[in-house]
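First comes the structure, then the notes that go with it.
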Amino acid sequence: MIKQAIIPLAGLGTRMLPLTSVIPKELLPINGKTNLDYILEECIEAGIKEFVFVISKKKISIKKYFYNDAFYKKIIRKKKDTRIIQEYKRIKKYKRMIKFVYQNSPKGTGDAIIKCKNLIKSNFFLMLLPDDLIINRNCSKELISLHNKKKGSVIATKRVDNKSVSRWGILSVKNRKKNYFQIDDVVEKPSIKKAPSNFAIIGRYILPTKIFEEIKKIKPGQGGEIHITDAIRNLIIKKNKFYGNIFKGKYLDCGTMKGYINSCKEILKEKKWNYAWLELGM
């Protein structure tokens, strides 16, 4: 059973400057909730019981978001605001489920994952990249369902325009079914001519603990980063089963300023969020 999720949060967020010079991008509000709240809600609905957050010392405010008890208690004593009380209860619930590890140098997603090695208890775990929001359907639940069916690793995927494949990690397709396929290879940001398909990797993965050993063998690539796709590719070469899940939800990019603004508009349009103060008639 998939009960643990790794969430890498140590990235500098330079594409969201100047906002991210003072606020981690994962704590930016999207229609009444933080980006991170949407990720946590998706995971909890999918059955996740424990989170490992990978943060840096520069993003310690993410930890403070969950460990600000004295502030909440002081405000609640003064105001006795029902909405604030409910928010505090929600945050306390999350806090009990979260463990923190540190990645103080930006060495890529592969390096972030290996920091969590000693905390992962089962043979497989979920990993989510918070830049990618998926609304309307629970993508993590879909991945876990396919994992339970096929007993292998799973990566969320969607078709992208052929002209944009060089911006994505692209999957090579084998044995295509209606909503999934076996992954034959992974190519990081290929040229249009060399792209094996237009199925792009989206930031939801079910990965095996075998990947920790593969990451150790990888030499840093461009920018000194260790890319998770290199480790995945090595596991596929060694005949480990990976599947692409063609998810049914709507993909939103929260990693750029343009994408963040669009995400706010789309979530507002969908009316899928929960404003506590509206429920209270405020």
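Would you check if Tyr102 is crowded, with 22+ Cβ neighbours inside 10 Å and of a type in the set (Phe, Trp, Tyr)? Walk me through how you get there before you give the answer.
Numbers: crowded, with 22+ Cβ neighbours inside 10 Å: no; of a type in the set (Phe, Trp, Tyr): yes.
Spelling it out, it is not the case that Tyr102 is crowded, with 22+ Cβ neighbours inside 10 Å and of a type in the set (Phe, Trp, Tyr).
For segment 68-89, check the following and say yes or no: at least one residue is touching a strand residue (DSSP E or B) at 6+ places or on another chain (Cβ under 9 Å), under 29 Å from Met257 (Cβ atoms) and at pLDDT below 95. Talk me through it step by step, then tell me what you get.
From segment 68-89, those touching a strand residue (DSSP E or B) at 6+ places or on another chain (Cβ under 9 Å) are none; that's our starting set.
No, segment 68-89 has no match at all.
Return the residue satisfying two criteria in turn: it lies in segment 210-257 and is assigned to a helix (DSSP H, G or I) and charged (D, E, K, R), and of such residues it is surrounded by the fewest Cβ atoms within 10 Å (Cβ to Cβ). If you could, list the steps in order and put the result at the bottom.
Of segment 210-257, the ones assigned to a helix (DSSP H, G or I) are 211-217, 222-224, 228-237, 257.
From the residues that got through so far, the ones that are charged (D, E, K, R) too are 213-214, 216-217, 230, 233.
On the way: Glu213: 13, Glu214: 20, Lys216: 12, Lys217: 9, Asp230: 19, Arg233: 21.
Taking the candidates together, the pick is Lys217.
Looking for something under 29 Å from Gln222 (Cα atoms), assigned to a helix (DSSP H, G or I), in contact with a helix residue (DSSP H, G or I) (Cβ under 6 Å, 6 or more places away or on another chain) and among the β-branched types (Val, Ile, Thr) - is there at least one such residue anywhere in segment 88-109?
So in segment 88-109, the residues under 29 Å from Gln222 (Cα atoms) come out as 100-109.
Checking the rest, the ones that are also assigned to a helix (DSSP H, G or I) come to 108-109.
Checking which are in contact with a helix residue (DSSP H, G or I) (Cβ under 6 Å, 6 or more places away or on another chain) leaves us with 109.
Okay, now just the ones that are also among the β-branched types (Val, Ile, Thr), so 109.
Yes, there is a match, as at least one residue in segment 88-109 is under 29 Å from Gln222 (Cα atoms), assigned to a helix (DSSP H, G or I), in contact with a helix residue (DSSP H, G or I) (Cβ under 6 Å, 6 or more places away or on another chain) and among the β-branched types (Val, Ile, Thr).
Going through segment 41-92 one residue at a time, which ones are charged (D, E, K, R), closer than 24 Å to Ser105 by Cβ and without any contact (Cβ under 8 Å) to a residue 12 or more places away in the chain? Even if it seems obvious, please write down each step before you answer.
Within segment 41-92, the subset charged (D, E, K, R) is 41-42, 45, 49-50, 57-59, 63-64, 69, 73-74, 77-81, 83, 87, 89-90, 92.
Now drop any that are not closer than 24 Å to Ser105 by Cβ, which leaves 57-59, 63-64.
Listed by number, the list holds a single entry, Lys64.
Give me the pairs, please: first residue somewhere in segment 151-170 and closer than 22 Å to Arg137 by Cα, second residue anywhere and in a helix (DSSP H, G or I) and among the acidic types (Asp, Glu), beta-carbon distance under 9 Å, and either six or more positions apart or on two chains.
Matching pairs, first to second residue: Val154/Glu142; Ala156/Glu142.
Among the residues of segment 129-142, count how many are under 14 Å from Lys3 (Cβ atoms) and crowded, with 22+ Cβ neighbours inside 10 Å. Can you show your working first?
Residues of segment 129-142 that are under 14 Å from Lys3 (Cβ atoms), as a first pass: 140-141.
Right, trim to crowded, with 22+ Cβ neighbours inside 10 Å and you get 140.
Total meeting the criteria: 1.
In segment 31-40, how many are among the charged types (D, E, K, R) and touching a residue at least 12 places away in the same chain (Cβ under 8 Å)?
Filtering segment 31-40 down to residues among the charged types (D, E, K, R) leaves 33, 37.
Remaining after also requiring touching a residue at least 12 places away in the same chain (Cβ under 8 Å): 33.
Of the residues in segment 31-40, 1 are among the charged types (D, E, K, R) and touching a residue at least 12 places away in the same chain (Cβ under 8 Å).
Please state which of the following conditions Gly108 fails to meet, knowing it meets all the rest: (1) touching a Leu at 6+ places or on another chain (Cβ under 8 Å); (2) crowded, with 21+ Cβ neighbours inside 10 Å; (3) among the small types (Gly, Ala, Ser).
Among (1) touching a Leu at 6+ places or on another chain (Cβ under 8 Å); (2) crowded, with 21+ Cβ neighbours inside 10 Å; (3) among the small types (Gly, Ala, Ser), Gly108 violates only (1).
Would it be correct to say that Leu235 is of a type outside the set (S, T, N, Q) and within 28 Å of Gly13 (Cα to Cα)? Give the steps one after another, and end with the answer.
Values: of a type outside the set (S, T, N, Q): yes; within 28 Å of Gly13 (Cα to Cα): no.
No.
What pairs come up if the first residue lies in segment 104-132 and is farther than 22 Å from Thr20 by Cα and among the aromatic types (Phe, Trp, Tyr), the second is at pLDDT 95 or above and surrounded by fewer than 16 Cβ atoms within 10 Å (Cβ to Cβ), and their beta carbons are under 8 Å apart, counting only those six or more places apart or on different chains?
Cβ pairs passing all conditions: Phe124/Thr209; Phe125/Thr209.
What tally of residues in segment 117-127 results from selecting those that are buried (at least 17 other Cβ atoms within 10 Å of the Cβ) and either touching a Pro at 6+ places or on another chain (Cβ under 9 Å) or among the charged types (D, E, K, R) (or both)?
To start, the set of residues in segment 117-127 that are buried (at least 17 other Cβ atoms within 10 Å of the Cβ) comprises 120, 124-127.
The next check asks that each one be either touching a Pro at 6+ places or on another chain (Cβ under 9 Å) or among the charged types (D, E, K, R) (or both); those that pass are 124-125, 127.
So the answer is 3.
The values are calculated or read from the model by the stated rules, or taken from the named source; none is laboratory data. Computed from a prediction, not measured in an experiment: that's the story for all the values here. Methodologically, a virtual Cβ is constructed for each residue, glycine included, from the backbone with ideal geometry; neighbour enumeration extends over all protein chains shown.
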